[in-house]
Amino acid sequence: MTEKIQKVLANAGLGSRRQIEEWLRENRISVNGAIAKVGDRITVDDKVRVDGRDIRLVKSNAQKSRVILYHKPEGEICSRHDPEGRPTIFDHLPMLRNGRWISVGRLDFNTSGVLLLTNNGELANRLMHPSSDIEREYAVRIQGRVTSEMLATLEKGVQLKDGSAQFNQISDAGGEGTNHWYHVLVKEGRNRLVRRLWESQGVTISRLIRIRFGNIALPRMLRRGKWVELTADEIAKL
């Protein structure tokens, strides 16, 4: 039985479908000695290479799906390599015998909190796809005066460079003086979306923590820089 190459490689833990499609367009993948393209169909018996390296393929249902929740601290990037030599989240993750950890979206350098990673590229793709409509909840500490008019505007919608965006919900989480906490919900993973929405109102974020992704909340006892593996039941609910 043949399957699309991007699906097979995602199941092998090489990356999300989107990442693999980019590699195919860059001519980085070959099948049986020939350059592959998006949409090619292969079997697990074909000889596949990525950047000249042989890839061990697995059947779609042969590899157990694993998901971990990493409590990302501020000061780490979500890429595997950084030209500036900054710390990366992958320095602290458990080793995988086959495949590799795929980040479900990203958190920027100065954002902490819930970051999910999986060895299942198909699952990562589904969780990141806009059609999934998954809630992301953030705790935000704001510097500056926030008015009720600002909050109404942020919930109604703001025009950003890459299109309209809004918070699906904003709740007051307390605080004193110019530093005040809010909890906000969004249902998409656009780059720096939470920061850009607040900045559109002329205020500054001094702390940003993702406290929930879908039904997975940040455990109170999980220290920054540590991870915990999700149970089969938690993965099924995702």
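The values are calculated or read from the model by the stated rules, or taken from the named source; none is laboratory data. What you are looking at is a predicted structure, and each value in this text was computed from that prediction instead of being measured. Reconstructed Cβ throughout: ideal geometry from the backbone, glycine too, with neighbour counts over all protein chains shown. Keep in mind that these areas ignore ligands, DNA and RNA; they rest on the heavy atoms of the full protein, side chains included. Shrake-Rupley method; radii C 1.70, N 1.55, O 1.52, S 1.80 Å.
Summary of computed values
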read-out: Test for Phe213: is it under 26 Å from Ser65 (Cβ atoms) and of a type in the set (Phe, Trp, Tyr); value: yes
read-out: Single match in Ile35, Ile89, Ile20, Ile29 (criterion: open to solvent by less than 20 Å² (accessible area, probe 1.4 Å) and more than 26 Å from Trp227 (Cβ to Cβ)); value: Ile29
read-out: Count - residues of region 158-179 that are closer than 17 Å to Arg192 by Cβ, open to solvent by less than 40 Å² (accessible area, probe 1.4 Å) and either not in a strand (DSSP E or B) or not β-branched (Val, Ile, Thr) (or both); value: 4
read-out: Given (1) within 30 Å of Ile205 (Cα to Cα); (2) out of contact with any strand residue (DSSP E or B) (no Cβ under 6 Å at 6 or more places or on another chain), index of the condition Gln6 fails; value: (1)
read-out: Matching entry among His71, His81 (being assigned to a strand (DSSP E or B) and either open to solvent by less than 40 Å² (accessible area, probe 1.4 Å) or more than 19 Å from Ala217 (Cβ to Cβ) (or both)); value: His71
read-out: Conditions (1) in a loop (DSSP other than H, G, I, E, B); (2) closer than 17 Å to Ile102 by Cβ; (3) open to solvent by 20 Å² or more (accessible area, probe 1.4 Å): number failed by Asp46; value: (2)
read-out: Positions within region 103-125 being open to solvent by 20 Å² or more (accessible area, probe 1.4 Å) and assigned to a loop (DSSP other than H, G, I, E, B), in sequence order; value: Gly105, Arg106, Asp108, Phe109, Asn110, Asn120
read-out: Subset of region 1-17 [outside any helix (DSSP H, G or I) and open to solvent by less than 30 Å² (accessible area, probe 1.4 Å)]; value: Ala12, Gly13, Leu14, Gly15, Ser16
read-out: First in region 63-80 and more than 15 Å from Gly225 (Cα to Cα), second anywhere and open to solvent by 20 Å² or more (accessible area, probe 1.4 Å), Cβ under 6 Å, 6 or more apart; value: Ser65/Asn120; Val67/Ile235; Arg80/Phe90
read-out: Residue selected from region 205-231 under the condition surrounded by 17 or more Cβ atoms within 10 Å (Cβ to Cβ), outside any loop (DSSP other than H, G, I, E, B) and aliphatic (A, V, I, L, M), by the criterion farthest from the chain's Cα centre (by Cα); value: Ile205
read-out: Test: residue in region 190-204 that is within 30 Å of Gly15 (Cβ to Cβ), touching a residue at least 24 places away in the same chain (Cβ under 8 Å), assigned to a strand (DSSP E or B) and not acidic (Asp, Glu); value: no
read-out: Set Arg100, Arg141: member being at pLDDT 90 or above, under 21 Å from Gly225 (Cβ atoms) and surrounded by fewer than 20 Cβ atoms within 10 Å (Cβ to Cβ); value: Arg141
read-out: Flag for Val184 being open to solvent by less than 60 Å² (accessible area, probe 1.4 Å), β-branched (Val, Ile, Thr) and under 23 Å from the mean Cα position of the chain (by Cα); value: yes
read-out: Residue within region 171-183 that is at pLDDT 95 or above and either aliphatic (A, V, I, L, M) or closer than 26 Å to Thr88 by Cα (or both) present; value: no
read-out: Cβ-Cβ under 9 Å pairs, at least 6 apart or on other chains, region 21-39 side touching a residue at least 12 places away in the same chain (Cβ under 8 Å), far side assigned to a loop (DSSP other than H, G, I, E, B) and open to solvent by less than 30 Å² (accessible area, probe 1.4 Å); value: Trp23/Leu14; Trp23/Gly15; Leu24/Ala36; Ile29/Ala36; Ile29/Ile55; Ser30/Ala36
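Table: residues versus (1) among the charged types (D, E, K, R); (2) at pLDDT 90 or above.
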residue: Thr2; (1), (2): no, no
residue: Asn11; (1), (2): no, no
residue: Asp54; (1), (2): yes, no
residue: Leu57; (1), (2): no, no
residue: Lys72; (1), (2): yes, yes
